[in-house]
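Input: a single structure, listed below in structure tokens.
Every read-out reported here was derived from the displayed coordinates using simple, explicitly stated rules and does not represent laboratory data. Not measured: the values here are computed from a predicted model. Backbone-built Cβ (ideal geometry, glycine too); neighbour counts: all protein chains shown.
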Amino acid sequence: MIVGMKSTPSLLALACAVGIAVAACHAKRPVDPAGLRASIPVTTGAPLHSTMAAATSEPAPSGGKYSNEKLGIALEWPTGWVKKDSNDYELLLVPSGNADGAPAELTLDVPDLPGHVLGMIPIGMVKNGYVDDLKKAHGQIQIKEETPSIDGAKARKIRVTWKQDGKEYVDSALLLVHRDRVYILRVTSLVEDEPKLKAAYDALVKSLKWTKK
């Protein structure tokens with residue numbers, strides 16, 4: 001939470017604050033498919049994810065449901081994914097029976113934001129905060145951006161790729177602003193595994209329902 005904000009900030013001040021808040025939250029919840037940021041300090045002290053490369057032994061489930069009335073969102077995930085406990089994400093899903101340990105995860109994040117005037121969260125600054133943190137984490141990145149139509153929300157879709165240690169990784173995120181909250185639905189994996197994960201990610205996004213209109 002950013003302190004010191006006036007109760008009625010200008011649009012520019014609010015935009016900067018929101019962008020910083022999303023970046024700070026993303027720094028706390030790093031995009032780290034294979035422990036790539038082990039040598040980069042994480043100022044919040046939050047643990048890096050070990051679930052990305054961890055194999056699971058559960059049989060393939062029949063999917064599941066997530067609903068959070070406080071956050072006003074409900075989702076369903078498809079067969080082949082299991083929910084993992086996480087202190088950093090509202091929802092963390094990993095492939096069931098991931099025998100080869102290849103990095104892959106689906107996540108829902110709802111960052112804490114500074115105080116602001118209702119209805120004034122610029123989606124462009126949300127995107128900038130997200131992308132800036134990826135640049136800090138991974139250096140040179142390639143970015144593709146779309147503006148999808150999502151009922152009841154302002155939206156941006158960002159696909160970011162980077163190379164490290166001879167491998168190429170991808171982070172695809174749907175950034176949403178709904179009822180003065182920011183929601184981030186994200187899939188992270190090796191680029192070579194992206195086609196296999198697309199159906200699961202698309203199904204998660206398609207299942208999205210706002211429980212507060």
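Key figures
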{"quantity": "Amide hydrogen neighbours beyond the local backbone of GLY97, cut-off 5 Å, H modeled", "calculated": "THR56, SER57, GLU58"}
{"quantity": "For GLN164, distant residues with modelled amide H under 5 Å away", "calculated": "TYR169"}
{"quantity": "Summed side-chain charge close to GLU168 - residues other than GLU168 whose Cβ falls under 12 Å, Lys, Arg +1, Asp, Glu -1", "calculated": "-3"}
{"quantity": "Prolate/oblate/rounded label for the stretch 62-199 (Cα gyration tensor, a/c 1.5)", "calculated": "oblate"}
{"quantity": "Ordering of 66-75, 185-194 by burial proxy (mean other Cβ atoms within 10 Å per residue, highest first)", "calculated": "185-194, 66-75"}
{"quantity": "Simple spin-label estimate for LYS198 and SER149 in nanometres, 7 Å along Cα-Cβ", "calculated": "2.2"}
{"quantity": "For the stretch 163-170, 3J(HN,Hα) per residue [Karplus equation, 6.51 cos²θ - 1.76 cosθ + 1.60, θ = phi - 60°, Hz, x = Gly/Pro]", "calculated": "10, 7, 6, x, 10, 10, 10, 9"}
{"quantity": "Above-threshold pairs, the threshold being 25 Å between Cα atoms, out of LYS154/LYS206; LYS70/LYS196; LYS163/LYS198; LYS83/LYS144", "calculated": "LYS70/LYS196; LYS83/LYS144"}
{"quantity": "Charge dipole (debye, nearest 20) of the stretch 105-147; +1 at Cβ of Lys and Arg, -1 at Cβ of Asp and Glu", "calculated": "180"}
